[in-house]
Structures are given as structure tokens and as C-alpha cells.
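The values are calculated or read from the model by the stated rules, or taken from the named source; none is laboratory data. Nothing here was measured: the structure is a model prediction, and the numbers come from that model. Using ideal geometry, Cβ is built from the backbone for each residue, glycine included, and neighbour counts are taken over all protein chains shown.
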């Protein structure tokens, strides 16, 4: 050892027996016995050193090994009067007796108000003092006082080189023993302080003060753990206390000075447990964030599958929290907090759109994820139990109406629908009678042959209310195999149906009708386009189709005479292939509802609805009778508008909502018929299926399964889900139209009809080629019904933004 050091090896246990010492002192002896203490004669003051010890505590949570602290160039250790420490332990019982009277109401040091007040006297703020102040809710800075700013405030120069005015209540600590501090040395002071911080020092101090039942000021604690109250040691102690969450609590504060007391052991152990749990949670969070960052950096085809994020419970909870946050559907504050922490750790703002984009970036969501499908919690897949029940219905293959079915397989049957239709509910036949009148058969699929009211499959269908048709997928009301293989009409095969036959008067009104169970054999499966083409060819061999078209014309004319309002407009359909791809193929179709084939089918469906309502009314059958009470619309007021989308848009704004009555029919003013029941889509609409249950029971001679009151209650639930499905379909269609427009060349021009003016020259337009409405400013001189040309300036499907600009010719 160098000559300028004096070495000691001190073993107090050689001097006395353990039995004569208090337990705290025995612990101190054991501590001292683990190391030798020496100090340099050339070393800095004791305030520059710290001691190290190895403490063995009874609680495993409080067991730590103290680290030796290095200062300067040599290994220097603070003796800190170890022997005096031990002697002080021997004196502790006598001291405690002396202060027992003041300790009865609290910790020693807090029993005397005068002593406490003396210790908490604030130092007068003066130029050159080094102080700590709260800049904002998250930042605490060190600064040098410069000069007063008004009566109470002070100008300070902080560690970042910024001069600002602070209020007295912002000051959190004034470093003692400092005068005329140079603000250029703040950074160096902070660095030295940070190098000196060792939270384990507080643990020994806490144990000693807890044993002594004593509270202290910052400076007193600095003297205890550093052996000095010099500025650096005092500030280091203040930092330790301000960051401490375990051992000490603030008992009293006056200005920037505080009095600290040791927490009870059980409280410290509880806080320690919480701290360890928090650290484990933070580690788990960081591991998850690392996974997110890794997945985000991967190429699209290499990103982990969605299933990998839900394989483990801790990962599943976090990713599901993000998903719930993205769709604003967090089940509790904890889930919302978890998602917020993930976004913050990722450096993202805590918004739903940030969560959406993050989940897209890591591959959990596809780029074109349907958020509304998630938000509305729409049922998509059927459970295994429902699928099994549906398959058993197919295997049974019994027909309760077999003996009562009328054989109509000799008729030529046309099924006309969109080309991608999965469920075919209806088909048509027609002939001309010998007296010249037209007879029509409207064949409707018969799902009630398989499904009984109240069965498990029926209850599931009621919960769904309707099949959902989206550009990216179809979610059927019934399990797909049952709907397609059992219920749906199929070309060239014998199919069960409920057939409504109607004979028309020459003016298009109903002359006679019948409703019966039947078997049919569909001849043709036609799209609207192919049916229109056949009509235009006027082929002799397809005379039945021509008769159907003639019947539709008669019916439309008759309904208009009854006050019907023609609502034909443009209808857009989109089919998206491979919607999981970043750039899926989009097929867009715009159909004019005034097209001959679409008009034909529409008129026949309305005719069927009128017959079923009439049949139900005459036989007192509770049914979902639909009506539109507004029968006094003055159509002539809209005669100046072009017929079609422009006029229809204007009329729709004046219409009242349709109503349903389950006791008796009511007029349907818009359709121009005395009564109406939807009946032709029982595979895809539950209220149509209810009408089938009721009508088929009557045909069999049974009482209807449901009363009008029961129907009303069921319809309330069904209508809620139907509205959600309709909204989902509408929003999804608009999204993909906007995505379609986003991909088109910027120079593309689009025809736009002016539907109405919103304000000044800001008009609501209908883009004819895509069938979407949007607003844009149009030039002076153009009027409602005029056609202008526009260009798409911007299209953002996720934000539902479509910006148009008129092209001035």
C-alpha cells in the first residue's frame, strides 16, 4: 500500500460479545466485518466519499449488496466514523428514552413544532444561488438565480442556457452552501451528481432511521449517507429522495424544504412488490414493442401472420388492446391505457388512426381492413354448432309439404339476378291466356322446408337479421352449405318453392291470384345484362320473357295511375378480388334501375308483395305489412327536373320513412299499391322468412306460429341488426368507390349531374360513371339537372374524403 495511506482493519466483534449489543448494532458489526476501511491523507474531504456495505435483511425483498464507490483516480472509501456509528447504536436506547415523550405522537424530529419549523425555514432567494425548479408537468431543471422579476418572481438561467421568469412555487429545491454559482458549470455539476447517485444508499439509511424512529431533512440525510452536507452531497441526497418510491415519505413541506420519514416495513415491502411488478410489466411492454418494430421493418410477404400475435396470452392481450383502441371499443380503462402506452413507446400519437396504421404496418390488419365490420361487431362466421345443426337438416331431407306441392316443372322458369349472386331466392314464369290476359308465376325459394320456427338455426338467423353483401365478401344469414345446397334455386334441378300466381287485367291490376307450395325446375339463370340482351333480340323462342316484360310495363303504368313515384336511379356494385392484397383488383358496375331487365324483376317483386299482403289480410294472418303513409306528394312540383336520378333525389328528401304494422295492411303510397309484404328473399332477409312461416302454416291448415305481438317484438331486434348491416354495406361500398377513384389517372374526366345546391355555388353532384355523390363548387349559369365535367383532385377512402373540381370548358 502507498506510504501516503494509513490502513486499518477493524473488527469490533473482537472487542465485545454479541449478546451485549442491540440487533441493529450486531447488523452493523456484520457489515463492517466484510470490508476494510482506509483513507488517503491526500484525499478530498470525507464529503467526496461513500461507504459500502453488505447488509443481510430479514425480508428477501430488501436484500441488496452495496457496491463500492470509486472517486477520482484512486480507490478511496469514506470511513464515516464507523466506530462512532457503533457507539451511537449503543447510545440509541438511552436516546430513545429521552425523546419518548415527543415520539408518542410521531417520529422523532417531528414531535417539536419549533424544532421542525427551524429545520424547514426557507433560505432567502438571492442572486447566484443554485436552485431546482419545475419547468412543466414533466421537466425539472437546475438553474442559477439572476435577479428579481417583479415582487415575487425571479429571473433564472437554466441548464439549457435559457433565461426565464419563475414563480416561488415552482422552486423544488435550493442547493445549500452555494453562492455566486457560475451558470456555465451547471452541466458539469449535474453530471457529477448523476455519477454519485446510488439508490441503495437510501436502504441502509431507511433501516437505521426506522430503528431510531427518526425523521430528517435532506441535509441531515446527506450527512448520514455521505458524511457531509456540502452542495454536491446535499443535492445528490435531494435527487435520491425525489426519485425514491420505496423508503421515505414527505412528512411536511415548507416552500422548497421538506421533512422526510421512513416508511413502515410492511409498506416498503408492498411498494417493492409493486415496483418489481411494474418493472416486469415494463420489460414485457418493451419486448412487445420490439416485436412490433421488427414486424414493421419486414417486407410485406415476410410479416408474421395474424395468428402469431394471438398465440401467447400476454401478446394477445396487447394486440387486442391496440385493435380495440383502433375501433374505439376498449372494454375498460386498463385496455385503453395499455394501448396508449404501446403507442407512446412506439413514438406515435395516441389516436385511433395511429393504432390502425400501426396494425397495418405490422401485418395484423390488411391494408384495406374494414374497420366498420369490426366496430359494429357484425357476425360473420357461423359457429361449429350452427354449422353442424344446418348440415343435419340437409341430411334429414324430409319435406313436410310434399303431398301438398303443386308440380310446375313444365313451366319455363327464368331466374334473373346479378352475376355474382350466391343465393337465388326467386324466379319467374309467364304465359298468355286464351282470353289475352297475362298470367305470371313468381316462384320463391322455400327455406321453411328445412328450418322450423324457434329452432337453433332459426334463432341464429333472427340474430343476424339479414345476409350482408360487401364488395369484399358475403356473410349469409344461414350457413353457406344449407343456403346454397338446400335452399337456393338451382338451374336444371327440381326445387321446392312457394309460388304466387297472378292473372292481370288488361290495365295491369290484379284479376285473380293464388298462393301454394310447389316444385319447379329453373330453366335459365340470367344476369340482368343477359336478360336485357335477350329482350332486345325479341326472340320467338323466348316469348315468355317478352310476356314478363309486357306485364312489368302494365304494372308500372297501373301503379303510376295509383300515385306511385318512380324512384329509378343509378346503383353501383363493386366486387373486390383478393381484398387482403395491398392493391386488390376492383371491378365496378353501375346499373340503371330503369334498365328493362331490372325494371321487370322489380315490378314482379312488388306484385308478389301486393298479393301476399292481400292474401294475409283476407285470411287474418299476422304479417309484417309495410306501408308508406305519405300519399299526397305533388309530383308535378318536380316535373321541371329531369326524370331519373335528379328527380328521384329531390323526391326522396320529402318522403317519410316506411312503417310496419303486424295486424293489418296499410297503403304504400310511394309504390302506389294498397298493401305490401316483403316475401321474395327468405334466404337473405329474416322478416321475409317470418312471412313464409306464417303463410305456410295457413296453407297447411295450422294456426300461424306467431301472433302480431310476437312478430312485433321479433321485428324490433331484427330491424336493429338490419340497419347496422345496411349501414355497413353503404360505408363499405363508398370506401371501395373512393379507392377505385384514387387509383385512376389524375387527368380523368367524369360526368357529374347537379342534384341540388347546398350553399351558394357549392352543389351536390352525382358522378354518373361511378354512381357516387360528392360536393363541389360549380360555375355560374349551371342549374339543377345540368351535367358538368369534373376531375378528382383527391380521394382518401380511409378518411372518406373525395375532392372534386369542375373542368371549365
Tell me, please, whether a residue that is within 30 Å of residue 785 (Cα to Cα), at pLDDT 95 or above and assigned by TED's automatic domain parsing to the domain that holds residue 609 can be found in the stretch 694-705.
no
Exactly one of these conditions fails for residue 622: (1) over 19 Å from residue 690 (Cβ atoms); (2) assigned to a loop (DSSP other than H, G, I, E, B); (3) in contact (Cβ under 8 Å) with a residue 40 or more places away in the chain. Give me its number.
(1)
Touching a helix residue (DSSP H, G or I) at 6+ places or on another chain (Cβ under 9 Å) and more than 30 Å from residue 584 (Cα to Cα): is that true of residue 361 in this structure?
no
What is the number of the single condition among (1) over 47 Å from the mean Cα position of the chain (by Cα); (2) within 16 Å of residue 128 (Cα to Cα); (3) surrounded by 14 or more Cβ atoms within 10 Å (Cβ to Cβ) that residue 184 does not meet?
(3)
Top-ranked residue of the stretch 290-312 - restricted to ones that are surrounded by 13 or more Cβ atoms within 10 Å (Cβ to Cβ) and assigned to a loop (DSSP other than H, G, I, E, B), ranked as nearest to the chain's Cα centre (by Cα):
310
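Would you call residue 287 under 38 Å from the mean Cα position of the chain (by Cα) and in a helix (DSSP H, G or I)?
Yes.
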Residue 713 passes all but one of the listed conditions (1) surrounded by 14 or more Cβ atoms within 10 Å (Cβ to Cβ); (2) part of a helix (DSSP H, G or I); the exception is number (1)
For the stretch 396-410, indicate whether the set of residues that are assigned by TED's automatic domain parsing to the domain that holds residue 545, surrounded by 14 or more Cβ atoms within 10 Å (Cβ to Cβ) and under 43 Å from the mean Cα position of the chain (by Cα) is non-empty.
no
Just the residues that are in contact (Cβ under 8 Å) with a residue 60 or more places away in the chain, farther than 25 Å from residue 471 by Cα and surrounded by fewer than 18 Cβ atoms within 10 Å (Cβ to Cβ), please, taken from the stretch 354-395.
385, 391, 394
In the set 609, 563, which member is farther than 28 Å from residue 366 by Cβ, touching a residue at least 40 places away in the same chain (Cβ under 8 Å) and part of a helix (DSSP H, G or I)?
609
Of the numbered conditions (1) farther than 13 Å from residue 624 by Cα; (2) in a loop (DSSP other than H, G, I, E, B); (3) touching a residue at least 40 places away in the same chain (Cβ under 8 Å); (4) over 37 Å from the mean Cα position of the chain (by Cα), residue 699 satisfies every one except a single condition; which is it?
(2)
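Is it the case that some residue within the stretch 471-478 is in the same structural domain as residue 545 (by TED's automatic domain parsing) and within 30 Å of residue 540 (Cα to Cα)?
Looking for residues that are in the same structural domain as residue 545 (by TED's automatic domain parsing) and within 30 Å of residue 540 (Cα to Cα), one finds none in the stretch 471-478, hence no.
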Failed item, numbered, when residue 203 is tested on (1) more than 30 Å from residue 182 (Cα to Cα); (2) out of contact with any strand residue (DSSP E or B) (no Cβ under 9 Å at 6 or more places or on another chain); (3) surrounded by fewer than 17 Cβ atoms within 10 Å (Cβ to Cβ)
(3)
Scope the stretch 568-585; condition surrounded by fewer than 17 Cβ atoms within 10 Å (Cβ to Cβ) and on the phi < 0 side of the Ramachandran plot; matching residues
571, 573, 577, 580, 581, 582, 583, 585
Scope the stretch 791-809; condition out of contact with any helix residue (DSSP H, G or I) (no Cβ under 9 Å at 6 or more places or on another chain), part of a strand (DSSP E or B) and surrounded by fewer than 20 Cβ atoms within 10 Å (Cβ to Cβ); matching residues:
791, 793, 803, 805, 806
Matching residues in the stretch 766-785 - criterion: being out of contact with any helix residue (DSSP H, G or I) (no Cβ under 9 Å at 6 or more places or on another chain) and within 22 Å of residue 590 (Cα to Cα)
769, 774, 775, 776
State all residues of the stretch 531-560 that are within 19 Å of residue 415 (Cβ to Cβ) and assigned to a loop (DSSP other than H, G, I, E, B); if no residue qualifies, say none.
539
Considering each of 462, 525, 487 in turn, give the residue that is surrounded by 16 or more Cβ atoms within 10 Å (Cβ to Cβ), in contact (Cβ under 8 Å) with a residue 12 or more places away in the chain, more than 27 Å from residue 705 (Cα to Cα) and assigned by TED's automatic domain parsing to the domain that holds residue 418.
525
